[in-house]
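Note sheet for the following structure.
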Amino acid sequence: MSETSPAATTVAVLGLGAMGLPMATRLATGLTVHGFDIAQPRLDLAAAAGIRTFGSAADAVVGADALLLAVRNGDQLDEVLFGEGGVAASLRPGAVVILTSTVGTEAIPGTAARLAVLGVGLVDAPLSGGPVRAGEGDLLIVVGAAPSDLEKARPILDLLASTLTVVGDRPGNGQALKTVNQLLCGVHIAAAAEALALADALGLDTAKTLEALGAGAAGSFMLSNRGPRMLEAYSEEGAEVLSRLDIFVKDMGIVGKAARSVGLPAPVAAAAEQLYLLGAAQGLAAADDSAVIKVVAPAPRTAGQAG
């Protein structure tokens, strides 16, 4: 490591929820971790995992070499860093903020510029994977960052990621690639929902259909991953919520905005976005995103599919 860009040894994690706690726990296996959450039970769990907990977000970031941050959107990013009680002013010069969320490219330049005034770098590192993979260090992370900032963040990213792809040397590059990724994911889930709904309407056994499709050229990760949960969507309890439907309302909105900003037509993505918007309007926002099949077919036609 260079003398001007020492690697981070202390990282602050704000928010110790479903993803934050396993990430913090994983990081604590090799680094000093500061943690904060508004819920005391989450702080208790973090402390039991060897994480040093604090009573406020601002206190948690004091002395940290890096801040690992997950937010819902650009507005929340701005609020956490620069709003009332924002933590940016408590970061030491030379620290880096590692943004793990998908917020779109639009929010990044202004955030990076405001952090630069404080001597703080921004590492744009949106990730994919759920809580189990976070705890195992098996996340997929794409990164856009200045080389010196990336060098500081490397110990953190290497602990969390099984696949780490550096896509550019400026913040925003990571968001751009994640936007393309989410276009495909959102379209593939919607297409899987339509395909399985059609199979049911044609009187096919949907479980056997899913097995056959997954073994052929029509297969995809999203078909194999979300398909079984789509077959559970009609049951009384529904599929386990592993990825909320309203996440794709947000992410497909980001896709549409990005496409319009460069004058690129994206009719398939736009059609998929409408399915997620309809699902949210029908009360499925907090359901697993596999429940989008219920927008296409509110109820199964084949006896037994309802689980």
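We did not get these values from a lab; they are worked out from the coordinates using the rules stated. Values in this document were obtained by computation on a predicted structure and should not be read as measured data. Here Cβ is always computed from backbone atoms with ideal geometry, including for glycine, and neighbour counts include all displayed protein chains.
Structure summary
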{"item": "Spatially near lysine pairs across the chain, Cα under 21 Å, sequence gap of 8 or more or different chains", "result": "4"}
{"item": "Gaussian network model of the chain, springs between alpha carbon atoms under 10 Å - residue of A48, A113, A270 with greatest fluctuation", "result": "A48"}
{"item": "Protection-proxy order for peptides 219-225, 201-207, each taking the mean of Cβ atoms within 10 Å per residue, highest first", "result": "219-225, 201-207"}
{"item": "The chain: relative contact order as a whole-number percent, Cα under 8 Å and 6+ apart", "result": "14"}
{"item": "Sorted peptide list for 280-289, 101-110, criterion being average Cβ within 10 angstrom, highest first", "result": "101-110, 280-289"}
{"item": "Of V255, V80, G238, farthest towards positive along the dipole that unit charges on Lys, Arg, Asp, Glu beta carbons give the chain", "result": "V255"}
{"item": "Estimated distance in nm for a label pair at E136 and L278, the labels positioned 7 Å out from Cα along Cα-to-Cβ", "result": "3.6"}
{"item": "Dimensions (Å) - the chain, Cα atoms, principal axes, largest first", "result": "66, 48, 36"}
{"item": "Cα-Cα separations in segment 176-296 greater than 18 Å, expressed as whole percent", "result": "49"}
{"item": "Neighbourhood charge, 12 Å Cβ-Cβ cut-off, centred on R244 and excluding it, Lys, Arg +1 and Asp, Glu -1", "result": "-3"}
{"item": "Residue exposure sequence - D246, D59, D65 - by fewest surrounding Cβ within 10 Å", "result": "D59, D246, D65"}
{"item": "Mean Cα-pair separation over length for segment 10-170, i.e. relative contact order, pairs under 8 Å, 6 or more apart, %", "result": "20"}
{"item": "Spatial separation of Cα centroids for segment 157-205 and segment 104-135, in angstrom", "result": "19"}
{"item": "Protection proxy ranking of 9-17, 176-184 - average other beta-carbon atoms within 10 Å, highest first", "result": "9-17, 176-184"}
{"item": "Stretch gain in nm, segment V167-E106, where the contour uses 0.36 nm per residue and the Cα spacing is subtracted", "result": "20.2 nm"}
